[in-house]
Amino acid sequence: MIFPTVYLALTTSVLVTAVSSIDIDTRSISAIYAAAQKEQGVLQVAYGGDEPDQANGIAKAFANQFPKVKVNFTTDLSKYVEGRINKAIANDELYADATILQTLHNFDAWANRGLLLPYKPPHFDKIWLSLTRADGSYIPVFGSHFGPFVYNPSVIPAADVPKSYADILDPKWKGKIVLTYPNDDDAVLYLFKVIIEQYGWIWLDRLLQQDVQWVRGTATPGEILVLDPSKKISFTSFPAANGWTFTPPVSDVYTSWAQSSAIFKHTRLPETAKLLQAFLISEAGQNVYIQQGLPTVRRDIPGSKVTMADDTNTEYVTFHQFMRDRATVEAFRLQIEDKVGTAQGISPLIDGVYIPRY
Ligand SMILES: *[C@@H]1O[C@H](CO)[C@@H](O)[C@H](O)[C@H]1NC(C)=O
């Protein structure tokens with residue numbers, strides 16, 4: 001949905017004015033809710049994801065707690081959301097009021113151009129500050145990772161679960177691996193980068209001899225494991241059903257980041273957008289993601305299965321650094337694509353491979 005707006009500040013040469021430091025919002029969540037109720041309209045939130053129901057958990061929890069304000073979450077691949085937002089910006093239009101994405105470099109670029117509304121919701125001081133910008137231009141929402149092995153423990157005994165990315169090259173896994181095209185998702189691309197940095201390109205050559213099923217989307221491999229009993233393992237996905245689990249490699253480095261959220265400065269509903277930010281990092285909002293098995297971004301809430309503080313072989317900030325260097329990202333993507341081939345298939349949101357979860 002595109003909303004035309006008049007904002008002259010958005011023309012090509014934007015003056016980046018010094019961002020005055022803002023304070024953490026000291027209002028209670030009910031006071032922010034009261035302010036949001038004075039606004040008219042539906043807050044449009046562009047949500048990065050690769051199955052249509054991925055925002056449902058947070059959307060339902062928000063609607064239950066704040067029934068008098070309307071928020072419309074629309075999910076699509078972060079890289080396409082990015083493109084639509086940037087196209088709207090170029091036309092001085094507003095694509096969404098707020099966005100929650102994986103493509104973290106966008107937040108820096110938009111903040112540098114003065115396009116975001118800095119806001120520090122209550123509990124801002126409780127989040128891992130390395131995951132945010134000190135000015136509150138965006139906030140981390142939940143931890144995410146690719147690299148842990150996804151499998152069914154009733155099918156694969158603990159002793160057989162790979163302990164490293166070298167183990168996945170064992171001939172016993174031939175024909176049983178499902179992975180996301182690294183050239184179709186930058187977080188998977190970064191995982192391949194850290195693995196190849198450790199094991200060399202020979203690792204990829206040998207992986208390609210394992211008759212891997214390559215698919216689009218990071219939910220898809222976990223879903224195929226459930227739907228096709230001949231497939232047994234992935235490390236670019238997450239469990240798609242009860243009974244499935246994931247285990248990180250023992251010491252190999254894997255990829256993680258904090259999916260992050262920002263408000264566009266030209267939102268027509270700034271208080272509703274602030275309410276959303278406040279909810280996302282509230283205990284109630286964090287618990288939605290903890291229940292989905294995702295690490296909390298707050299230091300003061302007991303974490304989920306894999307917590308940011310406990311992880312030893314992943315760092316939540318390095319993917320963001322990788323994403324900022326677009327030339328390196330694109331060069332590596334082409335080197336991978338040369339070996340793996342171009343991503344085949346329609347959007348994972350409509351490809352018919354789907355196990356509803358939320
Ligand atoms: C929600 O967003 C979608 C996608 O932009 C749009 O088609 C739909 O009309 C929106 N619904 C509401 C109630 O705003």
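Assorted remarks:
Here is a yes/no grid of residues against (1) assigned to a helix (DSSP H, G or I); (2) touching a strand residue (DSSP E or B) at 6+ places or on another chain (Cβ under 8 Å); (3) crowded, with 22+ Cβ neighbours inside 10 Å; (4) not assigned by TED's automatic domain parsing to the domain that holds Ala331:
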| residue | (1), (2), (3), (4) |
| --- | --- |
| Val188 | yes, yes, yes, no |
| Pro221 | yes, yes, yes, no |
| Ser230 | no, no, no, no |
| Thr236 | no, yes, yes, no |
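- Some residue of region 173-184 being surrounded by 22 or more Cβ atoms within 10 Å (Cβ to Cβ), within 22 Å of Val317 (Cβ to Cβ), in contact (Cβ under 8 Å) with a residue 12 or more places away in the chain and acidic (Asp, Glu): no
- Every residue from region 25-55 that is of a type in the set (S, T, N, Q) and surrounded by fewer than 17 Cβ atoms within 10 Å (Cβ to Cβ): Thr26, Ser28, Ser30, Gln37, Gln40
- Here Pro121, Pro162, Pro140 are screened, and the one residue that is over 24 Å from Val317 (Cβ atoms), of a type outside the set (Gly, Ala, Ser) and crowded, with 19+ Cβ neighbours inside 10 Å is Pro162.
- Selection count where residues are away from the ligand (no atom under 16 Å from the Cβ), out of contact with any Leu (no Cβ under 7 Å at 6 or more places or on another chain) and within 13 Å of Ala273 (Cβ to Cβ), scope region 32-50: 1
- Subset of region 142-186 (residues that are part of a helix (DSSP H, G or I), touching a Lys or Arg at 6+ places or on another chain (Cβ under 9 Å) and among the hydrophobic types (A, V, I, L, M, F, W, C)): Leu169, Trp173
- Scanning region 66-103 for residues that are touching a strand residue (DSSP E or B) at 6+ places or on another chain (Cβ under 6 Å), assigned to a loop (DSSP other than H, G, I, E, B) and more than 12 Å from the ligand (Cβ to nearest atom) gives a single hit, Gln102.
The values are calculated or read from the model by the stated rules, or taken from the named source; none is laboratory data. As the structure is a computational prediction, the values presented were derived from the model and not from experiment. As a convention, Cβ positions derive from the backbone with ideal geometry for all residues, glycine included, and neighbour counts pool all protein chains shown.
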